[in-house]
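**Q** Sharing a structure below in structure tokens format, with a few things to ask.
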Amino acid sequence: MPPSDELVRAELARVLASAEFQATPQLSAFLRYIVEAKLDGQAHLLKGQNVGVAVLGRAPGFDAQRDPIVRVEAHRLRRTLAAYYAGAGAEDRIRLVVERGSYVPRFDWADVNGNGTEAEPPPDAPNRGHWLPILGALVLVGLGIIGLVIADRSAGPTTSDVPVAVSPPSVSVDGEEPPMPAVKVERFERPPSGQVNQRVDQLASDLTIALARFPELRVIADPDQSADFQLEGEVTVSGGVATVAFRLAALATSEVIWSTAVELPITDFLEGDGLDRLVEGATIAIAPQFGAIARYLGGRDGNTQLRSADDYRCLIEAQLHTGRMDDGSWQRLDTCLRDMLVAYPDFADGLASQALLYLAAYRREPDAGRAAMLFATAETAARHALEREPANVRAMWAVQSVSFHKGDLDAAQRMGERALAANPFDPLLRAQQALVLLTAGDAERAWTEAQEGQSLDPAHVATYDALDFLARLEMGTLSDATAEPVAADVASTPYEAVARLIALDHAGQVPEREKAVQDLKAVAPLFATDRHAALARLFPDTPFAVSLDSALAKAGIGDRAQP
């Protein structure tokens, strides 16, 4: 027997109350509309044109074949439902299903037996609601995260060969996305019964939700569906201490690519914030651009057994591009993103990565006309990314970066807060937010964000050292000791190079400072001819930018036509 209307409406209420749907009002309206229409016997009205008018605000008579908005939103709805049932809704006894090619929902009993047959409705699981945010930026001892160097330094075209005109994405028939690496969280081994048993189930559930916050990964909930990586482990208890062991394996080779074991008091595991810290530490070790999966798939000579590897590497490298504009890496990444978006024009993560790549070029391009074209391309790509997937943290990052460079710091701060709420486990979002806060004059909050990001992300030490130094400089709390780390770093971005030069000047290290002047001009060539214009590419016009301009002049960067 299918679920009753009453049970379906109860399930709809649970889904709409979830964190996944609370963040996306438009998808909530879409789901509510099609479910209620099906329950009211109006399934025959669930056509693209009707959905577009009733839910998405299109004018009566709009052409659903020419305007892909309904197909795009339906694709996002399927993806968001999958994320919900992979995490907070994993124990729900009913599934709301929207199959591809149709807007008519299906209401199924959950197959809790895992054998392809209809299962008896299980008892109601307690509603956990939105899982707790992290209570502090704490990296677990022994996670063993190491950095990922992904910028390809091969020779190639210079910026004069870089195309900058991009048309709005074309219509994608099914709104498909390229295959991304798939991760499955297995049930952890544990003591046979008791409260520990329940907490171990919660650990696996929270890990699934946390990993699903990274758009570059697919999190698999169906035990019968194949995955590329599997996270498993066990929890043992002895003498009042819980030991939690994690293992991440690449299933194609059965190779364990990351593992750790963490000990904590059993009271912390059962009642304190220990579970949150375990989820935070494991997620950051595995999922970000510098995590275990990125390291395994990273580099042009990396693992090629996965069909998803090339597209995944392209996205990650574009988001983190630090290569010089004349070494060929930018051109290679631009080409792979363009090819990806030709095949998947509605892919929000690809559009956002393209925006971030073009912003990196904008900051480095010495020619004003070409820089303006690069920025316009980035702005268009960022806007399209957020339109297609408003809950995508990469789209939020790209739009925040565009707002920052346009000088709309209020909008940039709001978007940064929205991105961090959507994924508090992404340290690079904290770095961007720290930069925005610093530029807006809130140096103390910027310093706090930088400190939290640095404690989470050992792969980008120079970035956080630079932010820490600049925040202390603005707060007037700088000392020789606090200037030493950034002075010793190797700067790969214009921001890092600016901070390092000022730090060396502050420390009175003249020979090193002279070399740092040349290093800054190498990563941001416009500094060789026009300091004011070069600084304007990095920061909007604020009192903080004015103080940086004075510090750079003191450190040896001239106004114009300096050698």
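The values are calculated or read from the model by the stated rules, or taken from the named source; none is laboratory data. Note that the coordinates shown come from a computational prediction; the quantities given were computed from them, not determined experimentally. Positions of Cβ are generated from backbone atoms using ideal geometry, with glycine treated the same way; all protein chains shown enter the neighbour counts. Surface areas here come from the heavy atoms of the whole protein model, side chains and all, with no ligands, DNA or RNA. Shrake-Rupley method; radii C 1.70, N 1.55, O 1.52, S 1.80 Å.
**Q** Are there any pairs, at least 6 apart or on different chains, whose C-beta atoms fall under 6 Å, with the first in the range 408-430 and within 22 Å of residue 455 (Cβ to Cβ) and the second of a type in the set (Ser, Thr, Tyr) and assigned to a helix (DSSP H, G or I), and if so, which?
**A** Going by the 6 Å Cβ cut-off, the qualifying pairs are 425/283.
**Q** Please determine whether any residue of the range 430-438 is within 18 Å of residue 549 (Cβ to Cβ), part of a helix (DSSP H, G or I) and open to solvent by less than 10 Å² (accessible area, probe 1.4 Å).
**A** Yes - at least one qualifying residue is present in the range 430-438.
**Q** Next question, about the same structure. How many residues are farther than 18 Å from residue 438 by Cβ and touching a Ser or Thr at 6+ places or on another chain (Cβ under 7 Å) when one looks only at the range 498-547?
**A** Looking only at that region, the number is 1.
**Q** Hey, does the range 419-428 have a residue that's part of a helix (DSSP H, G or I) and in contact with a Gly (Cβ under 9 Å, 6 or more places away or on another chain)?
**A** Looking through the range 419-428, at least one residue is part of a helix (DSSP H, G or I) and in contact with a Gly (Cβ under 9 Å, 6 or more places away or on another chain).
**Q** Which condition number does residue 340 fail, the rest of (1) in contact (Cβ under 8 Å) with a residue 60 or more places away in the chain; (2) surrounded by fewer than 22 Cβ atoms within 10 Å (Cβ to Cβ) being met?
**A** Condition (2) is where residue 340 drops out.
**Q** Kindly indicate which of 255, 232, 263 is open to solvent by 20 Å² or more (accessible area, probe 1.4 Å), acidic (Asp, Glu) and over 30 Å from residue 79 (Cα atoms).
**A** 263
**Q** Please state which of the following conditions residue 61 fails to meet, knowing it meets all the rest: (1) without any contact (Cβ under 8 Å) to a residue 24 or more places away in the chain; (2) farther than 29 Å from residue 179 by Cα; (3) not in a loop (DSSP other than H, G, I, E, B).
**A** Single failed check for residue 61: (3).
**Q** Let me ask another. Can you pull out every residue in the range 192-214 that is of a type in the set (S, T, N, Q) and open to solvent by less than 40 Å² (accessible area, probe 1.4 Å)?
**A** 197, 205, 208
**Q** I would also like to ask the following. Given the condition loosely packed, with under 15 Cβ neighbours inside 10 Å and not polar (S, T, N, Q), answer yes or no: does some residue in the range 520-530 qualify?
**A** No, that holds for no residue.
**Q** Checking residue 258 against (1) among the aromatic types (Phe, Trp, Tyr); (2) in contact with a helix residue (DSSP H, G or I) (Cβ under 6 Å, 6 or more places away or on another chain); (3) within 28 Å of residue 18 (Cα to Cα): exactly one of these is not met. Which one?
**A** Of the numbered conditions (1) among the aromatic types (Phe, Trp, Tyr); (2) in contact with a helix residue (DSSP H, G or I) (Cβ under 6 Å, 6 or more places away or on another chain); (3) within 28 Å of residue 18 (Cα to Cα), the odd one out for residue 258 is (3).
**Q** Cβ-Cβ below 7 Å, separation at least six or inter-chain, first residue in the range 370-391 and of a type in the set (Gly, Ala, Ser), second outside any helix (DSSP H, G or I): which pairs?
**A** Short answer, once both residue conditions are applied: 371/365; 381/166; 385/392; 391/23; 391/24.
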